[in-house]
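Q: Dropping the structure in here first, questions after.
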Amino acid sequence: MGVIFLRRNWWKILLLIVMVLLLAAVIAVYFLSRRGLPRAQGMVSAEVGAAVEIYRDEYGVPHIIAQNMEDLCFAQGYVQAQDRLWQMDLSRRGVGGRLSEILGESFVDTDRFTLTVGFYRAARASYEQLNSGSQALLEAYARGVNAFIEDNRGKLSLEFVLLGYEPEPWKPVDSMAIGKYMAWYLGGNMNTELFLSALIEQVGEEMALELFPDYPETGPVIVPTVEQESAFKPDDVPALIRLSRLAELNGRAAYVPGLGSNNWVVSGAKTVGGGAMLANDMHLGMGLPSIWYANHLILEGEFNATGVMFPGIPGIIVGFNDHIAWGVTNTGPDVQDLYLIKLNPANPHQYLYQDQYVDAEVIVEELWVKDESEPRQVEVVITRHGPIISDVAELDQPISLCWTALSPTRELEAVQGFMKAQSWAEFSAALENFMAPAQNFVYADQEGNIAYRANGLIPIRRNGSGLLPVDGSTDEFEWEGYIPWDELPALYNPPEGIIVTANHRVVDDDYPYFISSEWAPPYRAMAILRELEGKERLSLEDMVRAQTSYFNTQAELLAPIMIDTLLLLSSLDEAEHKALLLLEEYSREPIDDAANAAPLIFHSLYLKLLEHIFADELGEDMFERLLHSRVVTNCFDRMLSSGESSWFNNVHTPQQEKRSDIIVSAFRETVLELKERLGPDPARWQWGNLHTITLTHNMGSVKLLERVFNRGPYTIGGSGNTPANMSYQPTEPFKVTHSAPWRYMVDLNGHTALDILSGGNSGHPFSEHYNDQTDKWLAGDYKEMIFQPSAVRALPVQFILTPR
């Protein structure tokens with residue numbers, strides 16, 4: 001009977017089994033999705049001296065009220081761990097050379113490079129230089145992170161489950177190391193030196209020099225000549241490129257053309273309310289969760305500060321308090337040099353300096369790899385000019401890296417000063433401790449004052465331009481200290497009443513020190529000033545309009561050159577004719593709106609011109625490096641404007657005719673390719689058809705997990721040269737990878753402030769705050785920042801840490 005029953009009802013039994021398995025899967029997904037979600041209400045006993053109040057607003061932003069500074073840092077560590085623990089752990093692993101430990105063999109080279117540079121060695125040295133009070137705050141922050149870990153063992157976020165590990169206790173040096181990584185991410189020109197060295201070998205000195213920054217125009221730089229015999233040979237080009245890629249650490253280009261940040265301040269004399277105003281949007285890599293964490297810190301009786309910080313570090317690095325507001329953009333100074341080292345053939349732990357071999361410092365680092373029972377050994381050889389980094393790329397010529405952030409620095413002390421400062425004098429005093437990365441700081445206060453300072457360690461070179469590796473066997477290219485702090489570029493209440501920084505050139509030819517030869521193009525700054533200048537009184541609405549502008553100054557300058565050439569054509573097919581008319585109309589008001597076809601035509605043509613001019617001579621790998629180099633935009637735009645370049649060598653005609661021929665052929669190919677992708681009618685094309693942004697999570701790179709962790713793609717306007725920066729990868733046109741993860745502005749007359757964060761404040765993909773701000777961010781909208789303590793205490797969601 002039993003057998004007969006099974007035969008007759010097998011499909012019912014199978015359906016029941018499937019339903020049970022599906023139910024089990026749903027239950028498992030539900031419980032896994034709830035893992036690690038922050039507890040927002042109730043009380044938790046903790047190592048605090050007095051009760052700490054934590055309120056969360058409707059976007060999950062924590063507002064912390066404490067009675068003493070250590071408790072405040074403890075609570076900040078606790079809530080950051082609630083929202084971003086896996087991101088924090090991944091950050092410290094990335095900077096500590098420990099990705100292979102959880103991700104396997106494919107990250108070994110990246111880890112070797114990281115261990116060789118020595119971020120943690122620099123972090124430990126910096127920690128030892130901090131005053132005892134700052135060390136105590138780092139320790140309090142670490143205790144807060146660890147309290148959350150211990151309170152939630154076995155129920156941490158989904159990423160830990162998928163990768164099968166639990167985080168180790170947080171240490172103060174972990175926070176310091178993340179700070180060092182951000183200095184690497186935001187400052188340095190090591191990749192430029194490697195690229196230019198490879199370029200000389202690939203195409204020769206004459207053509208290479210045309211791509212040297214600011215060549216041949218005058219500026220606050222010394223344009224290098226390549227008179228000495230090259231230290232490299234053509235066979236070294238692949239290794240130079242590989243070393244350049246390893247230096248990116250995150251596996252994708254850290255720089256794309258147009259990358260940078262905007263900030264500006266308006267004095268009280270030019271505002272509607274009479275208080276100064278400040279706006280800031282820092283352009284960094286986009287993803288989920290955001291690189292920024294929004295939090296509000298109130299130390300009763302001392303300060304009230306709100307803004308953002310990198311997860312894993314205590315304090316507020318950009319934001320405002322009761323008296324002042326501050327913002328940052330990258331100054332972009334040259335703070336890295338590569339030195340050519342001559343090792344002793346009889347002893348690789350010695351190198352030549354001043355005609356004698358001297359001992360290097362030798363350190364052995366451990367590199368753990370997943371599923372291996374013993375660590376691998378990484379030998380690091382450190383010279384007077386920094387660690388030798390070339391071995392990782394198997395480059396025969398030893399190269400060492402000298403970098404300002406490898407010295408002990410005290411940024412945490414500066415951050416504490418920012419939060420407490422009540423005047424420009426107090427803020428300036430805090431800036432003396434902010435050493436790396438060098439940044440453009442803007443300042444505004446409620447009395448209506450505004451100020452600016454290019455701040456940080458910027459080396460003074462005995463010789464050389466910093467654009468090519470130099471001989472490390474003599475003292476000819478030594479650093480002779482740093483630009484004195486009181487001689488760094490600064491402004492206080494300039495008569496114009498407005499200060500704008502957008503990574504463009506800081507100083508003129510009369511400035512006595514070399515800062516950089518790699519200034520960003522002035523396009524974003526020009527567009528911002530276009531929105532602000534000529535108005536008697538400015539409001540927050542004006543600030544919003546400037547910050548979200550899609551006006552493309554590059555297109556305003558270059559599109560007419562393209563059009564003038566194309567108008568001379570006697571024969572155009574229908575699609576080409578329509579595309580030209582759209583481009584001509586766009587040139588009069590170049591707005592990179594997602595719904596318009598013309599921005600797509602312009603940007604596609606621009607990339608096609610780069611391909612026609614450079615790809616053949618450079619080859620695939622070098623061309624890809626060019627597209628991600630800091631030199632490409634300024635140099636190429638200058639070539640295109642002048643019409644004169646040895647790179648215009650496609651036909652044997654005068655230079656201007658060569659440029660015309662290249663523009664024509666690139667235009668025809670552009671239209672043909674767009675027709676194949678988007679259809680025959682240019683009027684139906686849209687910039688947003690191809691210009692999109694996807695907010696990706698590290699775990700979202702796994703195909704099966706894409707829908708769980710990633711969000712998008714979203715159609716978006718703008719480009720790398722619009723104030724609302726939407727920089728795309730030239731090698732994957734036109735996917736946006738860099739933009740402003742956080743935009744903010746404040747009117748210090750009444751402390752009215754607006755901000756918006758791409759994604760959300762939570763790092764948990766099943767949290768309501770994982771992606772709850774993206775729609776506003778995409779639309780150029782903002783939310784109001786809660787600031788007054790009374791408004792904080794009126795929030796319904798309250799969580800209290802109570803003393804044990």
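The values are calculated or read from the model by the stated rules, or taken from the named source; none is laboratory data. The structure presented is a predicted model; accordingly, all values stated were derived computationally and were not measured. Glycine gets a Cβ as well: all are built from the backbone with ideal geometry, and neighbour counts include every protein chain shown. For the accessible areas, the whole protein counts, side chains as well, though only heavy atoms, and no ligand, DNA or RNA atoms are used. Shrake-Rupley method; radii C 1.70, N 1.55, O 1.52, S 1.80 Å.
Q: Per residue, what accessible area does the range 751-803 have, given a 1.4 Å probe and all protein chains present, in Å²?
A: Ligands and nucleic acids excluded, the figure is 38 Å² per residue.
Q: Please state the charge dipole magnitude for the range 473-578, taken about the Cα centre, from unit charges on C-beta atoms (+1 on K and R, -1 on D and E), reported in debye and rounded to the nearest 20.
A: Rounded to the nearest 20 debye, it is 700 debye.
Q: Give the carbon-plus-sulfur fraction of the accessible surface of the chain in %, rounded to a whole number; probe 1.4 Å, heavy atoms of protein chains only.
A: Carbon plus sulfur share of accessible area: 52 percent.
Q: Which order do the peptides 579-588, 611-620 take when ranked by the mean count of other beta-carbon atoms within 10 Å per residue, highest first?
A: Top to bottom by mean Cβ count within 10 Å: 579-588, 611-620.
Q: In Å², and per residue, what accessible area does the range 50-167 have when probed at 1.4 Å with the other protein chains present?
A: About 29 Å² of surface per residue is accessible.
Q: For the chain, take the convex hull of the Cα atoms, compute a quarter of its surface area, and give me that in nm², please.
A: The directionally averaged projection comes out at 41.2 nm².
Q: So for the range 403-505, taking the charge dipole from beta-carbon charges (+1 Lys/Arg, -1 Asp/Glu), which of VAL500, PRO459, ALA421 sits furthest toward the positive end?
A: Of VAL500, PRO459, ALA421, it is VAL500.
Q: Sorted by mean Cβ packing within 10 Å, highest first, what order do the peptides 763-772, 339-348 take?
A: 763-772, 339-348
Q: Below 19 Å, Cα to Cα, which lysines can LYS342 reach? Residues fewer than 8 away in the same chain don't count.
A: By straight Cα distance, LYS342 reaches LYS233.
Q: Could you work out how much longer the chain between ALA269 and GLU541 gets when fully extended? Use 0.36 nm per residue separation minus the Cα distance between them, nm to one decimal.
A: Contour length minus the Cα-Cα distance gives 96.2 nm.
Q: Would you mind working out the magnitude of the charge dipole of the chain relative to its Cα centre, with +1 at each Lys and Arg C-beta and -1 at each Asp and Glu C-beta, to the nearest 20 Debye?
A: Its charge dipole is roughly 3460 debye.
Q: Once you charge only the Cβ atoms, +1 for Lys and Arg and -1 for Asp and Glu, what is the size of the charge dipole of the range 670-804 about its Cα centre, to the nearest 20 debye?
A: Dipole magnitude for the range 670-804 comes out near 280 debye.
Q: Express the accessible area of the range 547-606 per residue in Å², computed with a 1.4 Å probe while the remaining protein chains stay in the model.
A: 39
Q: List the residue ranges in the chain for DSSP H helices whose C-alpha atoms run 18 angstrom or more along the long axis and whose Kyte-Doolittle average is 0.5 or above.
A: Taking the DSSP H segments of the chain (at least 18 Å long, mean hydropathy at least 0.5), we get 10-34, 190-203, 553-566.
Q: Something else: Give the peptides 99-110, 66-77, 368-379 in descending order of average Cβ contacts within 10 Å, highest first.
A: 66-77, 99-110, 368-379
Q: Probe radius 1.4 Å, ligands and nucleic acids left out: which of SER91, SER132 has the largest accessible area, and how do the rest follow?
A: SER132, SER91
Q: Any chance you could check the Cα centroid distance between the range 472-547 and the range 132-187 for me, in angstrom?
A: For the range 472-547 versus the range 132-187, the Cα centre distance is 35 Å.
Q: If you don't mind, another one. Compute the distance from the alpha-carbon center of the range 74-96 to that of the range 727-796, in whole Å.
A: 20
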